[in-house]
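Below is one structure, written out as structure tokens; the observations come after it.
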Amino acid sequence: MECMQSVEWQALQAHFESIRNVHLRDWFAEDPERAGRYTLEVDGLLLDYSKNRIADETLDLLTALAERAGVAAVRDAMFAGERVNTTEQRPVLHVALRNRGGTPIKVDGKDVMPDIEGVLQRMAAFASAVRSGEWKGYTGRPVRNVVNIGIGGSDLGPAMAYEALKPYSQRSLTVRFVSNVDGTHLAEALRDLDPAETLFIVASKTFITQETLTNARSARDWLLRTLQDDAAVARHFVAVSTNAERVAEFGIDTGNMFEFWDWIGGRYSLCSAIGLALMVAIGDTHFGAMLDGFHAMDRHFATAPLEQNMPVLLALLGIWYNNFFGVESHALLPYDQYLARFPAYLQQCDMESNGKSIDKQGRPVTGQTGPLVWGEPGTNGQHAFYQLLHQGTKWVPCDFIGFARSQNPVGDHQDKLMANFFAQTEALAFGKSLEDVLAEGVDPELAPHRTFEGNRPSNTLLAAHLTPFVLGQLIALYEHKVFVQGVIWGVNSFDQWGVELGKVLAGRILDELTANEEPVLDHDGSTNQLIRRYRAWR
Ligand code: F6P
């Protein structure tokens with residue numbers, strides 16, 4: 001029987017009815033130990049989850065649900081290289097990419113660690129050659145610009161992590177990421193670059209993705225317009241892929257290809273060769289420190305009891321709001337400008353993984369699965385959408401992510417940033433009652449507008465400093481959170497069939513947009529009309 005029909009689920013439903021109206025104000029007033037009890041620290045990453053609408057019983061029942069779902073067994077199967085991606089019959093082994101302990105991990109009886117380490121060494125040698133200027137372009141000049149061409153998992157991970165770890169990067173290199181098939185993205189990325197000093201990393205797991213191949217072809221044309229010799233491509237293009245045949249077909253020497261494997265999902269591939277642009281930017285030592293952070297969280301996830309397991313806790317809290325309170329979204333609010341792309345990155349991780357309505361057995365799920373994931377860095381969001389977070393008719397559970405020390409300790413900026421950080425979680429949780437507002441002498445007519453009901457939950461993740469290690473921990477934390485939720489909802493978090501239909505239709509429509517003769521259109525009336533108008537205006 002699936003989890004959402006289980007007695008554990010029903011027990012949670014009954015418990016929910018009994019505590020749905022309890023206010024965080026009361027829980028904190030009743031229990032001075034609450035904050036300490038609902039805090040967990042793992043290798044310098046602190047999670048305070050006390051501002052959640054939970055009691056001890058909630059956690060017990062949620063943990064029982066995780067046990068019922070077999071979270072530990074499926075987790076162990078993933079780590080052991082079993083084919084937990086059931087619809088594609090593949091193992092799911094992003095954890096092997098950062099298996100820093102060196103223990104063997106086998107797929108079909110073969111230890112994958114030597115291959116992983118071999119690619120990491122090739123990446124490190126290449127990164128060092130580019131960074132030192134030893135790798136020369138076709139005209140003998142060193143590389144000054146690195147442009148990663150990829151999309152989805154072949155873009156968001158390295159692009160996000162490059163932004164996050166910019167202080168650790170070699171500033172003499174310009175590193176850019178081009179993903180959108182909109183020609184503007186490529187044109188703007190290249191407009192001030194010199195082809196003789198530019199290296200392209202074409203990153204695509206499948207090497208058939210329309211956007212990436214279109215951008216890569218146009219980048220090659222741009223290069224050859226100046227360098228005028230096909231032989232230049234070998235000095236200015238490298239590929240990252242699982243598909244050597246397609247890489248060769250595209251015209252990139254497979255000697256310049258960095259390999260990964262079909263048991264790495266695109267959105268889980270940052271620690272593979274997909275991270276090459278990042279490694280070139282920050283160097284292999286910092287890249288290694290990031291892998292250490294991933295590994296530390298992997299070990300915690302693999303070994304900590306469920307009730308003290310950070311990814312499991314985040315997953316269960318998410319389920320509590322998503323499935324029992326019926327909230328639809330989840331906000332990620334990093335109070336660090338370097339993490340500006342973190343919500344977008346996790347949007348793919350979460351929504352492409354658990355945006356499913358069919359379970360592993362092929363049946364429709366009986367309850368809600370993945371939430372809408374969104375967010376922006378603070379404090380910017382406070383002056384944009386936080387009004388709704390505080391007083392809107394719908395509420396949104398939030399994860400606040402902050403750091404004690406800034407990478408750029410300018411004046412008192414960091415204290416101001418973090419004062420806002422702490423203030424927001426306090427205001428959301430405790431609000432401001434009508435009595436308090438009236439007691440301040442506010443006009444009674446205005447008082448309701450100035451009241452904050454509070455009881456809006458949040459998690460706080462706090463670390464001393466945003467280092468490569470901490471970034472690795474944070475990403476692994478959310479990857480495993482998403483994994484646990486997928487297990488409980490009974491979906492396969494590792495396929496993405498939902499992106500296919502649009503790709504097929506786009507292929508057909510492309511021919512219709514570009515046909516010389518007026519095409520016979522047999523879409524629906526709206527699509528037919530829009531295509532005709534586009535052709536007329538094109
Ligand atoms: O269309 C979705 C998707 O398949 C993602 O899952 C993936 O990260 C992205 O496209 C890019 O795919 P590739 O790395 O094969 O170019």
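The values are calculated or read from the model by the stated rules, or taken from the named source; none is laboratory data. If you're wondering where the values come from, they're calculated on a predicted model, not measured in any experiment. Note that we place each Cβ from the backbone using ideal geometry, even for glycine, and neighbour counts take in every protein chain shown. Surface accessibility is based on the protein's heavy atoms, side chains included, excluding ligands, DNA and RNA. Shrake-Rupley method; radii C 1.70, N 1.55, O 1.52, S 1.80 Å.
What the table shows:
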item: Cα centre as origin, Lys/Arg/Asp/Glu Cβ charges: the chain dipole, Debye; result: 1160 debye
item: J(HN,Hα) series, region 78-92, from Karplus relation 6.51 cos²θ - 1.76 cosθ + 1.60, nearest Hz, glycine and proline x; result: 4, 4, 8, x, 6, 7, 7, 7, 6, 6, 10, 6, 10, x, 10
item: Given charges at beta-carbon only (K, R positive; D, E negative), |dipole| of region 260-336 in Debye; result: 60 debye
item: Antiparallel DSSP beta bridges within the chain, as percent of all bridges there, nearest 5; result: 30 percent
item: Region 457-538, accessible area per residue, ligands and nucleic acids excluded (1.4 Å, Å²); result: 48 Å²
item: Relative contact order (%) - criterion: Cα under 8 Å, at least six apart; region: the chain; result: 19 percent
item: Among TRP489, ALA476, PHE452 - extreme Cα towards positive end, dipole of region 440-502, charges at beta-carbon; result: ALA476
item: Region 196-250 shape via C-alpha gyration tensor axes, a/c threshold 1.5; result: prolate
item: Range of Cα positions in the chain per principal axis (Å), largest first; result: 77, 59, 57
item: Sorted peptide list for 511-521, 88-98, criterion being average Cβ within 10 angstrom, highest first; result: 88-98, 511-521
item: Options ALA273, LEU223, ILE319, ranked by Cα towards positive dipole end of region 203-357, top entry (Cβ charges); result: LEU223
item: Region 270-396, dipole about Cα centre (Lys/Arg Cβ +1, Asp/Glu Cβ -1), debye to the nearest 20; result: 320 debye
item: Loop sites in region 173-248: trypsin sites (Lys or Arg not before Pro), DSSP, at most 16 other Cβ within 10 Å; result: ARG191
item: Carbon + sulfur, % of accessible area of the chain - ligands and nucleic acids excluded, 1.4 Å; result: 50 percent
item: Residue-averaged 222 nm ellipticity for the chain, from DSSP H runs of 4+ at -39500 (n - 2.57), nearest 500; result: -14000 deg cm²/dmol
item: Of the trypsin sites (Lys or Arg not before Pro) in region 1-57, those whose Cβ has at most 12 other Cβ within 10 Å and which sit in DSSP loop; result: ARG20
item: Farthest toward positive dipole pole in region 365-443 [+1 Lys/Arg, -1 Asp/Glu at C-beta], among VAL442, ALA423, GLY378; result: GLY378
item: Under-5 Å amide H pairs with PHE200, H placed in peptide plane, nonlocal only; result: VAL147, PHE237, VAL238
item: Cα-based reach from LYS481 at 27 Å (exclusive), listing lysines while leaving out same-chain residues under 8 positions away; result: LYS51, LYS106, LYS166, LYS205, LYS356, LYS360, LYS394
item: Per DSSP, loop GluC sites (Glu not before Pro) in region 15-73 with at most 13 further Cβ within 10 Å; result: GLU33
item: P(r) tail fraction, region 341-407 - alpha-carbon pairs more than 13 Å apart, %; result: 74 percent
